[in-house]
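The values are calculated or read from the model by the stated rules, or taken from the named source; none is laboratory data. What you see is a predicted model; the values in this text were computed from it and never measured. Please note: Cβ atoms are built from the backbone with ideal geometry, for glycine as well, and neighbour counts cover all protein chains shown.
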Amino acid sequence: MASIKKYDFDVTHDFEGLFSNKWNFRKEKVGREDVIPMWVADMDFKTAESIQTALVQRAERGIYGYTSMTREYTDAVINWFKRRHNWAINDNEIITTPGVISALHIAINVLSIPHDYILIQPPTYHPFFQVIKKTKRKVLENPLIRTSTGHYEIDFDDFEHKIVQYKPKAFILCNPQNPTGKVYSKAELLKLGEICCNHQVVIIADEIHSDIVFSEAVHTPFATIAPECTDNAIICTAPSKTFNMAGLQNSNIIIPNRKIRDKFREALDRYGFPRPGLFSIVATQTAYNTGESWLEAVLQYIEGNRDYALQRFSANLPQLKVFRPQGTYFLWVDFNHYGLTNEQLEAYLINDAGVWFNQGYIFGSQGSGFVRINIACPQSIVAQALTQIENSIIRIPGKGGAGGRW
Ligand SMILES: Cc1ncc(COP(=O)(O)O)c(C=O)c1O
């Protein structure tokens with residue numbers, strides 16, 4: 001008898017009418033209905049069944065009035081991070097926000113004043129640039145360095161030098177790193193933490209991808225590396241990437257330092273975000289209490305997609321350099337071999353290859369000529385996208401191409 005799969009991530013779902021940012025606005029956003037969408041950071045999989053059931057059961061009660069946070073919610077968050085990451089969070093350190101981006105806005109407002117510098121490590125998650133600019137602060141860059149072995153490393157001398165020269169008030173760390181998939185080592189975090197502590201720079205650690213780490217890597221929560229670091233950090237976590245529930249809008253911001261926490265809470269109150277929405281409370285506590293086996297299965301599936309895609313790139317598209325991610329569900333792919341402008345690369349991918357990825361330049365100038373591919377989807381979709389690239393890439397002129405559009 002054939003075994004019944006507990007989770008079937010090979011299933012392709014119908015996205016019609018879901019208001020899915022990734023799937024339902026292709027015509028409006030890139031002019032073509034038929035591109036394979038592998039851009040924005042959510043998964044094409046259904047979330048864990050226990051989460052869906054809990055939401056349906058709560059919805060069926062029909063009473064959607066004001067709610068309060070429960071002890072069960074806080075315990076679910078605390079137990080998850082203790083169990084999965086060996087991080088002991090105290091219940092009074094948790095503040096909920098509608099998302100990590102809103103938390104970044106509040107954190108920057110609390111830690112700095114207009115025209116202060118905020119330090120980031122590009123190529124990095126593009127909204128970091130926007131948040132800094134929208135809050136009228138200045139972007140200070142400590143670019144990650146690409147090594148010949150296909151990894152990204154930190155330029156610590158430049159990091160400290162920039163801090164001494166420009167006196168940023170905060171450093172936004174992205175770990176696991178979006179878009180490169182780098183998972184910072186404990187030694188790297190300790191060194192960054194020490195430099196920041198020595199120069200009174202608060203670390204805003206965006207750890208939204210902390211649960212999406214492959215078998216060869218381990219995520220180290222910034223708050224666990226040293227007591228001085230714990231006391232000098234705002235750590236942004238969320239169940240949204242882990243359980244594919246970004247549409248429910250919820251994140252847990254952990255602030256061990258009481259002074260910073262009080263200021264953050266006061267600012268949050270001013271914006272009028274008193275508590276998460278009812279359905280995000282239900283989903284978050286159910287996810288953290290019951291979603292672990294689903295997560296293990298989805299991680300294994302995505303790791304399989306990563307290995308499959310890397311193998312196809314190296315066999316059929318060796319001219320494209322692909323960085324092997326240790327975490328996140330992105331592939332960071334270098335198309336610079338072809339010498340295209342960013343506009344030409346985008347036009348080729350959309351019009352010739354029929355695939356929609358995030359363009360690398362949005363993650364900073366270091367990402368020029370790169371793309372970020374979201375592989376949290378059925379493997380048949382990864383395979384189809386790669387086939388479309390393989391079949392069209394020969395039309396790119398220049399090195400290895402046969403000439404054509406440009
Ligand atoms: C590093 C990082 N931070 C934050 C976010 C967005 O978080 P939220 O939707 O909770 O605002 C994302 C989403 O892709 C992300 O990759």
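Of the residues contained in the stretch 375-393, none is found to be crowded, with 17+ Cβ neighbours inside 10 Å and of a type in the set (D, E, K, R). The requirement of being of a type outside the set (Asp, Glu), within 16 Å of the ligand (Cβ to nearest atom) and over 29 Å from residue 51 (Cα atoms) is not satisfied by residue 212.
Here residue 34 passes the criteria (1) closer than 29 Å to residue 236 by Cα; (2) in a loop (DSSP other than H, G, I, E, B) except the one numbered (1). Going through the stretch 251-283 one residue at a time, which ones are at pLDDT 95 or above and within 12 Å of the ligand (Cβ to nearest atom)? Hits for the stretch 251-283 are 251, 252, 253, 280. Across the stretch 91-105, not a single residue is classified as over 23 Å from residue 185 (Cα atoms), assigned to a loop (DSSP other than H, G, I, E, B) and more than 16 Å from the ligand (Cβ to nearest atom). Out of curiosity, is residue 91 surrounded by 14 or more Cβ atoms within 10 Å (Cβ to Cβ), among the acidic types (Asp, Glu) and touching a helix residue (DSSP H, G or I) at 6+ places or on another chain (Cβ under 8 Å)? In short, no. Taking the stretch 58-71 as the region of interest, how many residues are part of a helix (DSSP H, G or I) and surrounded by 12 or more Cβ atoms within 10 Å (Cβ to Cβ)? The qualifying residues number 2. For the residues 81, 9, 45, the requirement of being surrounded by 11 or more Cβ atoms within 10 Å (Cβ to Cβ), touching a helix residue (DSSP H, G or I) at 6+ places or on another chain (Cβ under 6 Å), under 30 Å from residue 303 (Cα atoms) and touching a residue at least 24 places away in the same chain (Cβ under 8 Å) singles out 9. With respect to being closer than 22 Å to residue 325 by Cβ, surrounded by fewer than 23 Cβ atoms within 10 Å (Cβ to Cβ) and within 15 Å of the ligand (Cβ to nearest atom), residue 246 fits the description. Somewhere in the stretch 125-133, is a residue assigned to a strand (DSSP E or B) and either within 19 Å of residue 367 (Cβ to Cβ) or acidic (Asp, Glu) (or both)? No, because not a single residue in the stretch 125-133 is assigned to a strand (DSSP E or B) and either within 19 Å of residue 367 (Cβ to Cβ) or acidic (Asp, Glu) (or both).
Just checking, which of 171, 128 is within 12 Å of the ligand (Cβ to nearest atom), hydrophobic (A, V, I, L, M, F, W, C), modelled with pLDDT of 95 or more and closer than 24 Å to residue 254 by Cα? Working first, answer last.
Working: 171 fails: within 12 Å of the ligand (Cβ to nearest atom).
Answer to the check: 128.
Taking the criterion of being aliphatic (A, V, I, L, M) and either modelled with pLDDT under 95 or crowded, with 20+ Cβ neighbours inside 10 Å (or both), the residues of the stretch 296-318 that qualify are 298, 302, 309.
Being of a type in the set (S, T, N, Q) and within 24 Å of the chain's Cα centre (by Cα) is the filter here; which residues of the stretch 67-104 pass it? Full working, then the answer.
Filtering the stretch 67-104 for residues of a type in the set (S, T, N, Q) gives 67-68, 70, 74, 79, 86, 90, 92, 96-97, 102.
Within the stretch 67-104, 74, 79, 86, 96, 97, 102 qualify.
Remark: residue 143 matches the filter, which requires a residue to be surrounded by fewer than 19 Cβ atoms within 10 Å (Cβ to Cβ) and modelled with pLDDT of 95 or more.
The one condition from (1) surrounded by fewer than 17 Cβ atoms within 10 Å (Cβ to Cβ); (2) farther than 30 Å from residue 371 by Cβ; (3) hydrophobic (A, V, I, L, M, F, W, C); (4) touching a residue at least 24 places away in the same chain (Cβ under 8 Å) that residue 55 does not meet is (1).
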